[in-house]
1. Which of the aspartates and glutamates could be linked to Lys27 by a straight reach, that is with a Cα gap under 17 Å, when you skip same-chain ones fewer than 8 residues away?
2. Report the FRET efficiency, 1/(1 + (r/R0)^6), for Asn236 and Glu144, where r is their Cβ-Cβ distance and R0 is 51 Å, rounded to 0.05.
3. Say we join alpha carbon atoms closer than 10 Å with springs in a Gaussian network model of the chain; which of Ser216, Ser123, Ser45 then has the biggest fluctuation?
4. At q = 0.09, 0.11, 0.15, 0.21 Å⁻¹, work out log10 I(q)/I(0) for segment 181-316 with the Debye formula, treating every Cα as an identical point scatterer and leaving solvent out; two decimals please.
5. To the nearest 0.05, what FRET efficiency results for Lys290 and Val261 with a Förster distance of 22 Å applied to their C-beta separation?
6. Take the chain, connect every pair of alpha-carbon atoms lying under 10 Å apart with a spring to form a Gaussian network, then pick out the residue of Lys88, Lys246, Lys51 with the largest mean-square fluctuation.
7. From the C-alpha gyration tensor of the chain, pull out the three semi-axes of the equivalent ellipsoid (sqrt of 5λ each), sorted largest to smallest, in whole Å.
8. Checking the table Lys88/Lys152; Lys51/Lys290; Lys90/Lys228; Lys282/Lys315; Lys253/Lys290 against a 26 Å threshold on Cα-Cα, which pairs fail?
Amino acid sequence: MVTAPKPSLSSPFDLVVGQSQAIALLKAAIRRDRIAPAYLFAGTSGVGRSKTASAFAEVLLGDRKSANRLSDRNHPDLLWVEPTYLDKGKMLTAKEADAAGLKRRALPQIRIEQVREISEFVSRAPLECKRSVVILEEAQSMAESAANSLLKTLEEPLYATIILIVPDAGSILPTLVSRCQRIPFTRLNQAQMQEVLTREGHTDIPPEVIALAQGSAGNAIESFERFKSIPAELLNLVRQIPQDAKSAMAIAKQINKELDVDLQLWLIDYLQNYFWEQQRTKSVVQYLDKARELIARYVQPRLVWEVTLLQIAGKI
């Protein structure tokens with residue numbers, strides 16, 4: 001992967017592709033010096049929410065020289081909060097959990113201990129800047145107790161501006177939403193997707209994988225990593241209608257052997273989009289939809305694939 005050279009910037013927001021409405025709202029607040037105590041960045045993942053939050057933080061902290069520290073998230077007046085796993089009493093982000101080889105049994109969440117850290121952070125005066133900034137990634141992952149604990153901090157953040165990043169306003173408590181100024185984020189169009197992927201050096205993502213991402217460059221990059229992890233031989237097999245029951249059963253066995261359940265679920269999404277674009281076959285999409293439902297309900301995956309592929313082959 002070759003990363004494209006970064007464009008020369010006149011504003012931190014220049015790194016954000018699309019999202020003209022969101023950026024216009026933030027620039028207007030900056031221009032009028034009417035910064036809200038809390039913001040809600042709402043929109044699907046992978047469309048620039050975090051990048052916009054970082055750009056906004058850079059402007060609010062008022063020092064372009066601090067950009068490197070902001071990208072590394074180690075600026076003394078910036079607190080960046082991510083959902084965590086709990087392992088032996090220690091909180092680990094998803095990246096840290098991967099590095100530690102942690103076997104995940106539940107989704108990560110923003111914990112009440114992290115909300116208490118936010119409260120302590122915003123209660124002190126900034127060390128270098130006029131204000132401090134707190135950014136909460138995937139704020140919808142907060143348990144209700146943590147969300148309730150955050151309410152008072154949102155009401156009186158003192159020297160800080162707090163940014164909550166969520167998929168939509170309905171994913172968090174209405175009481176949290178009411179204390180934030182909403183900033184909407186939209187899905188990217190095809191040209192914007194290509195621009196983001198080119199900037200990030202991802203010029204080799206197949207069109208069907210980009211289409212599967214539905215306007216989210218981040219999802220396209222993540223999907224491409226999954227796409228590459230599927231053996232090419234297996235991918236070629238599943239993109240064809242099985243010719244007979246024997247080949248359908250063999251493909252089902254290979255899928256179950258080589259792919260974990262999470263990757264199998266992604267493969268179903270990929271195949272639904274692939275067959276619809278190639279053949280506009282509604283029945284195949286429906287069979288795969290049922291397969292996803294059954295696997296998600298913990299039905300034995302190999303059995304699900306056997307039945308699904310036999311249905312697609314017209315053998316049952």
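1. Asp14, Glu58, Asp63
2. 0.60
3. Greatest mean-square fluctuation among the candidates belongs to Ser123.
4. Log10 of I(q)/I(0), two decimals: -0.30, -0.44, -0.76, -1.25.
5. 0.85
6. For the chain, modelled as a Gaussian network with Cα springs under 10 Å, the answer is Lys88.
7. Equivalent ellipsoid of the chain: 42, 23, 17 Å, largest first.
8. Result: Lys88/Lys152; Lys51/Lys290; Lys90/Lys228 exceed 26 Å.
Throughout, read-outs are computed from the coordinates displayed, never taken from laboratory work. Remember, it's a predicted structure, so these values are computed and weren't measured experimentally. Here Cβ is always computed from backbone atoms with ideal geometry, including for glycine, and neighbour counts include all displayed protein chains.
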